[in-house]
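Where a number appears in this text, it was derived from the coordinates with a stated rule and is not lab data. All values reported here derive from a predicted model rather than from experimental measurement. FYI the Cβ positions are ideal-geometry reconstructions off the backbone, even for glycines, and counts take in every protein chain you see.
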Amino acid sequence: MLSARYYDGKTATAHEVTILLDGAHLLLHSANGNVRWPLTDVDISERLGNTPRRLSYADQGHCEITDQAALDELLRHSGIHHDWLEHLHHSLIWASVAAILIVITLLAAYRYLLPWGAEVIAMRAPATVLNKMGNSTLDTLDHVMLQASKLSAARQQELVAAYSRLKTPDAAPTNYRIVFRSSPRMGANAFALPDGSIVLLDELVAATQNTNEIMAVLAHEGGHIERRHALRMVLQSSVVGLLVAWYAGDISTLLSSIPAVLLQARYSRDMENEADLYAVRTLQLNGLSPCLLSSMLSKLEAAHVPAKTEPPTTEDTNHKSPLDYLSSHPATLERAVLICPRH
Amino acid sequence: MNFAPPDNIQPATFISPAPVTPQTYRFEFTGSGSEYFKIWIVNLLLTVLTLGIYSAWAKVRRMHYFYRNTHLDGANFEYHGMPIAILKGRLIAALLFIGYSVAGNVNPLLGIAFFILLAIVMPWLIVRSLRFQLHNSSYRGLRFAFDGDDRGAYRVFLLNPIFAAMTLYLMAPYAHQQIKQYQHRSSRFGATYFSFTAGAGSFYAIYLKLLGMLLALSILIGVAIYEQSPLMFGLPLLFVFIMVYPAVKLPNLIWNSTGIGRHRFYSTQEILPYLWISVTNLLAIVCTLGLFVPFATIRMMRYKLEHMALHAQSELSEFVAGQTQNTSALGEEMSTMFDVDIAL
């Protein structure tokens, strides 16, 4: 015995009916008569929480049923089963499994799918996009934290000349523009812009006497340019930003945040390693020691952390601090060992 | 085996109960946060795993859950939208959205051209969207429908907003009133049309009060900054309180001015409970990194629906079916993608 309310689809009038299973048919019984619906053609709405279920047959109207247990009983006798998705939506265990799977999927997509997709797109990006990104970034940086270089014209020319003499792997172009600037706030640093310019700060030039060490840094930055790391970072953080904005429900914040993303973009560990590898290949191609890069890295770190100057012990090299995973730059020492094993 | 209907099948001839005196029916909402959480999280998982494809099915499931948990006079609402139709609409909307974003970045002129194109298409889409939404909603076996014409849509969704902008938004409350009037007067349940009686004056009253409160608060903040008072950090929080005012008063005004046939709707939301729900929802969502979202949705929905009622002059059973029409989901998905609020 299953009681239901029947609506004929032509008026809003409710009719109290009872539904019985009659072989391959459902028998709708009311005070005014009986109707038989062939079971296979009856559309039975899926179970969704404790909401009323709905049986409908062609354009013959529908029944609303609130007695879930009685309907389940009737369906069991008729041999109709729940579909698996229905089960999924009602089990607490499955809800927990789903929650965990969401986290794992998102992490995996963030770690593997996103960098891969960004690389595929970035490597095909037209030069105009890269130039535009480079120009606007340099303009913003000039405005915010960079000053004119105080380096002598002779020294600048000397560095440019040395750099243009470098041979690069894969016959990559060497006409990257070196932009001389100074910035007491950023300290000893150099960074690549998407259009192929490398911003070289006076503070970095002052950190070493060895021009080849500067070449090692430039080769590293060249790796960032060659592998289009800036664009890849922008793409990756845009996708993350888009998803976060969608989740938080506000698209408009995204559009205004793109310049900020560009400014804050720090390369991922993978990208730093990739650029290191590129620099090592460049140095070897030019008959220079890869250790130039690692020695320069140590000098840069010393310039940034003056207090921490004592030589590291082997224990330190094996120890990965938890901070390592958080920072986007792989610990300098770890990189130095990778680049130059006898370091 | 052959399941052809037997010969004795006849349309049922049931007799409706006798009519009665006027009565007020409250909307009831029976959704539960924990129940919806399970649906929500499985929807989210499948959407992520299918790179968004499942989102159309997820939407249908969500709509089913909300509609079927909304009751009036013992009967529940029903959603009939088809996932495939929604998916098609979403794909086209996503392509246009990406096109619009890219066009603006590649060439500002192209971006402007795209924007104008969208502005011209939008009213047409909104009409399709409303048709889809209403056509796919039913109650007591009768479908809702939207009969608004394109001409009216271009007037209220394109011309009026342009005029409003040109008059420094002096005409914005009027534009809002015109939208609601167009929307409600073109909607019907079965063969019975909705009515809308609020004039522009009552919209102006709400917007002017809002403007007054915003001005007063701005002056207070200005004074606080001038006086170097620590209040200058606390006062901006009052903006949240002020923005709740239209969020409560506008739906009240709109529904209290809406009727269907001889019956009238009532909405009695209040500011303090609404504010309490909004603020606690927000805090809980932040603290649970979003896991509270389904609970928050249910809480807010319950508050809104349970403060709505229908004052009926006669039995609700006397509504009859009207004409049906063909609809597509494109408009609905487009307008949600481009963030056009056409909340009914």
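Averaged over peptide B:134-146, how many Cβ atoms belonging to another chain are found within 10 Å of each residue's Cβ?
Values: counts 0, 0, 0, 0, 3, 2, 10, 16, 6, 1, 0, 0, 0.
The per-residue average across the peptide is 3.
Other chains' Cβ within 10 Å of A:95-104 residues: what's the mean? Present the calculation step by step, with values, prior to reporting the outcome.
Numbers: counts 8, 2, 3, 10, 6, 1, 7, 8, 2, 0.
Mean partner-chain Cβ count within 10 Å for A:95-104: 5.
Evaluate E = 1/(1 + (r/R0)^6) for A:Thr18 and A:Ala108, where r is the Cβ-Cβ distance and R0 equals 51 Å; express this FRET efficiency to the nearest 0.05.
FRET efficiency, A:Thr18 to A:Ala108: 0.45.
With an 8 Å Cα cut-off and a minimum separation of 6 or more residues, compute the relative contact order for chain B in percent. Write down the numbers at each step before the final one.
Details: 466 pairs, mean separation 94.1, N = 344.
After rounding, I find 27 percent.
In 10 Å bins starting at 0, how do the alpha-carbon pair distances of the stretch A:2-81 split up by percent?
Per 10 Å bin, starting at 0, the Cα pair percentages come out as 18, 59, 22, 1.
In the neighborhood of B:Gly261, defined by Cβ-to-Cβ distances under 11 Å, what is the net charge if each Lys or Arg adds +1 and each Asp or Glu adds -1?
Its environment carries a net charge of +2.
Can you figure out the FRET efficiency of A:Ala161 with B:Ile242, using R₀ = 45 Å and their beta-carbon distance, to the nearest 0.05? Don't skip to the end; give the middle numbers.
Details: r = 64 Å, r/R0 = 1.43.
Result of the calculation: an efficiency of 0.10.
For chain B, with a Gaussian network of springs between Cα atoms less than 10 Å apart, report the residue from B:Leu170, B:Leu289, B:Leu91 with the top mean-square fluctuation.
Result: B:Leu289 has the largest fluctuation of those listed.
Work out the length of the dipole vector of chain B about its Cα centre, built from +1 on the beta-carbon of each Lys and Arg and -1 on the beta-carbon of each Asp and Glu, and round it to the nearest 20 debye.
On the way: 24 positive and 17 negative charges, 21 e Å.
Dipole about the Cα centre, nearest 20: 100 debye.
Within the stretch B:171-196, what residues put their amide N at less than 19 Å from the label point 7 Å along the Cα-to-Cβ vector of B:Asp150?
Within reach of a label on B:Asp150, which here means backbone N under 19 Å from a point 7 Å along Cα→Cβ, the stretch B:171-196 contributes B:183, B:186.
What spacing in nm lies between the two simple spin-label points modelled at B:Trp276 and A:Asn50, each 7 Å away from Cα in the Cβ direction?
2.4
If you stretched the chain out fully between B:Val102 and B:Ala284, how much longer would it get, using 0.36 nm times the residue separation minus the C-alpha to C-alpha distance? Before the final figure, lay out the partial values.
Working: separation 182, 0.36 × 182 = 65.52 nm, distance 3.61 nm.
In short, 61.9 nm is gained.
So if R0 is 51 Å, what FRET efficiency would A:Lys132 and A:Thr40 give, r being the distance between their Cβ atoms, rounded to the nearest 0.05? Please list the in-between numbers first.
Details: r = 62 Å, r/R0 = 1.22.
So the FRET efficiency works out to roughly 0.25.
Can you sort A:Met123, B:Met232 by how many other beta carbons sit within 10 Å, fewest first?
On the way: A:Met123 11, B:Met232 16.
Ranking A:Met123, B:Met232 by Cβ neighbours within 10 Å, fewest first, gives A:Met123, B:Met232.
List B:Tyr169, B:Tyr245, B:Tyr36 from most exposed to least, where exposure is judged by having the fewest other Cβ atoms within 10 Å. Mind dumping the intermediate values first?
Working: B:Tyr169 13, B:Tyr245 17, B:Tyr36 23.
Ordered by Cβ neighbours within 10 Å, fewest first: B:Tyr169, B:Tyr245, B:Tyr36.
Please report the relative contact order for the stretch A:2-81, taking Cα pairs under 8 Å with a sequence separation of at least 6, and give it as a percent rounded to a whole number.
Working: 134 pairs, mean separation 22.0, N = 80.
Relative contact order of the stretch A:2-81: 27 percent.
Take every Cα pair under 8 Å in the stretch B:27-131 that's 6+ residues apart, average their separations, divide by the length, and report that relative contact order as a whole percent.
Dividing the mean separation by the residue count of the stretch B:27-131 yields 20 percent.
Would you mind giving the mean number of other chain beta-carbons within 10 Å of the Cβ of each residue in B:39-49, as a whole number? It would help to have the intermediate numbers written out before the result.
On the way: counts 6, 3, 9, 12, 3, 5, 11, 5, 1, 8, 5.
Averaged over the peptide's residues, the number is 6.
Report the Cα centroid-to-centroid distance between the stretch B:186-255 and the stretch B:277-298 in angstrom, as an integer.
One Cα centre to the other: 23 Å.
Which of B:Asn256, B:Asn107, B:Asn43 ends up with the largest GNM mean-square fluctuation for chain B, with Cα atoms connected below 10 Å?
B:Asn107
Which loop-located trypsin sites (Lys or Arg not before Pro) does the stretch B:228-275 contain, where loop means any DSSP state but H, G, I, E or B and the Cβ has at most 16 other Cβ atoms within 10 Å?
Details: sites: B:Lys249, B:Arg262, B:Arg264; in loops: B:Arg262.
Loop-located and lightly packed - B:Arg262.
From the C-alpha gyration tensor of chain B, pull out the three semi-axes of the equivalent ellipsoid (sqrt of 5λ each), sorted largest to smallest, in whole Å.
Values: eigenvalues 266, 146, 117 Å².
Three semi-axes, in Å: 36, 27, 24.
Divide by every residue of chain B the summed helix terms, -39500 (n - 2.57) for each DSSP H run of at least 4, and state the resulting mean residue ellipticity at 222 nm, rounded to the nearest 500 deg cm²/dmol. Walk me through the numbers before you get to the answer.
Working: 13 runs with 198 residues, N = 344.
Rounded to the nearest 500, the figure is -19000 deg cm²/dmol.
Just rank B:Cys287, A:Cys63, fewest to most, by other beta-carbon atoms within 10 angstrom. Could the numbers behind the result be given before it?
Numbers: B:Cys287 10, A:Cys63 25.
Placing the least packed residue first, the sequence is B:Cys287, A:Cys63.
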